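The values are calculated or read from the model by the stated rules, or taken from the named source; none is laboratory data. Only a predicted model underlies this, so the values are computations on that prediction, with no experimental measurement involved. With ideal geometry, Cβ positions are generated from the backbone for all residues, glycine too; neighbour counts draw on all protein chains shown. To get the accessible areas, we keep the full protein, side chains included, count just its heavy atoms, and leave off ligands, DNA and RNA. Shrake-Rupley method; radii C 1.70, N 1.55, O 1.52, S 1.80 Å.
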Amino acid sequence: MIDTIEKEDNIISEEEAAQYDRQIRLWGLDAQKRLRGSRVLLVGLRGLGAEIAKNLILAGVKGLTLLDHEKVTEESRRAQFLIPVDADGQNQAQASLERAQFLNPMVEVKAETNPVCLTRCSRDLMVRVDQLCASRNIKLFCGDVYGYNGYMFSDLGQEYHFVEEKPKVVKASNEDNDGPEAKKPKVDPNETTMVKKTISFCSLKEALEVDWTTEKAKSNLKRIPVDYFLLQVLLKFRTDKGRDPQPDSFAEDSQLLLQIRDDVLESMGLSSDLLPNTFVSYCFSEMSPVCAVVGGVLGQEIVKALSQRDAPHRNFFFFDGLKGSGIVDYFGSK
């Protein structure tokens, strides 16, 4: 969940200009001012949440609030780098606070333990929060990592405005030589222009409830990433069990995952062959390298949304750690 503060003074100080010099050169002073005037609420401080927090703090948002109701365990401590080794039993958000703040003293970082990008949340909770955010015109991001696979989702509203830098097109002058080629517009590689664009996003509920029984949907099945259906299975597992698949119950959870796979795909009117049985071998725990990749992408998407620079990922990003590749795809109403 992110919110932009319109009334506060977003002037960049000399110290901040020096701190953020490289990124100001990258996306401009106006974009950095928008970051400087934005507060972000991050829910979930495991491996992925820590990576997102790091990227947002270093980018220079005004404030970041960390929310997590879970206690630190040996597993969660190993999954991320913000929790000290002696923090077992503490609240994960509180335990992550000191190291998070140390990353950038110019960003106000605080921890809250009351229930509100979302990570490690149930499907129902994410849908409810998305609906609440939409009613208040607040942008929402969700993400999770399951073993070698990770995803992010964004809902930036019905009308999201941004600017994109494009090469400047120069009209042919009268002095040019005659001929059809001379009259065509030319691209000047030395000049660029900022183009304003508007796109729309759908809700998470719409994105997860695609009707796959229509002829159009069936014709697109071959190009649909299998990660989308894997996500549906893992969210259903989390809903049914109140947790994610665990390595210490691999045999039991593997069988349950296969059963949920069959049930979920059958309810969609699809064959279980879409998601081969081998998926159960690589969706346990959080893999730190996968957290780094997905957290980097998710953090950058939040930065883009706050600065309103460059085209956002619309609306899913899936990463496959086994293949070492990611894909952006859109699900839901256009």
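The phi-based Karplus calculation (6.51 cos²θ - 1.76 cosθ + 1.60; θ = phi - 60°) puts the 3J(HN,Hα) values of segment 34-46 at 5, 4, 4, x, 10, 10, 10, 9, 10, 9, x, 10, 8 Hz, whole numbers, x for Gly and Pro.
So for segment 51-164, Kirkwood radius off the Cα pairs, Stokes-Einstein at 10 °C and 1.306 mPa s: how many µm² s⁻¹? Result for D is 102 µm²/s. Simple rule: put +1 on each Lys or Arg Cβ and -1 on each Asp or Glu Cβ in the chain, find the dipole, and look at 121, 194, 43; the Cα lying farthest toward the positive end is 194.
Both radii come from the Cα set of segment 176-334: Rg as radius of gyration, Rh as Kirkwood radius; their ratio Rg/Rh reads 1.12.
Between segment 269-303 and segment 235-259, how many Å separate their Cα centres? Between the Cα centre of segment 269-303 and that of segment 235-259, the gap is 15 Å. Close amide-amide hydrogen proximity is noted between residue 158 and 201, each under 5 Å apart and 5 or more residues distant or on a separate chain (H modeled in the peptide plane; Pro and chain starts excluded). Dipole magnitude for segment 208-281: about 280 debye, using +1 per Lys or Arg Cβ and -1 per Asp or Glu Cβ, origin at the Cα centre. Accessible area per residue for the chain is 52 Å², calculated with a 1.4 Å probe on protein heavy atoms, without ligands, DNA or RNA. Based only on Cα atoms, what Rg/Rh ratio does the chain have, Rh being taken as Kirkwood's radius? Rg divided by Rh gives 1.03.
Charging the Cβ of each Asp and Glu at -1 and of each Lys and Arg at +1, and nothing else, the dipole of the chain about its Cα centre rounds to 640 debye. Exceedance of the 19 Å cut-off in Cα-Cα distance is limited, within the set 33/304; 139/241; 62/304; 166/304; 71/205, to 139/241; 71/205.
The smallest convex shape that holds all Cα atoms of segment 208-281, its convex hull, gives 83 Å³ per residue. Karplus-based coupling profile of segment 56-65, in residue order and whole Hz: 6, 5, 5, 6, x, 5, 5, x, 9, 9, with θ = phi - 60° in 6.51 cos²θ - 1.76 cosθ + 1.60 and x standing for Gly or Pro. Backbone phi angles across segment 283-298, fed through the Karplus curve with coefficients 6.51, -1.76 and 1.60 (θ = phi - 60°), yield HN-Hα couplings of 10, 9, 6, 10, 8, 4, x, 5, 4, 5, 5, 5, x, x, 5, 5 Hz in residue order; Gly and Pro are listed as x.
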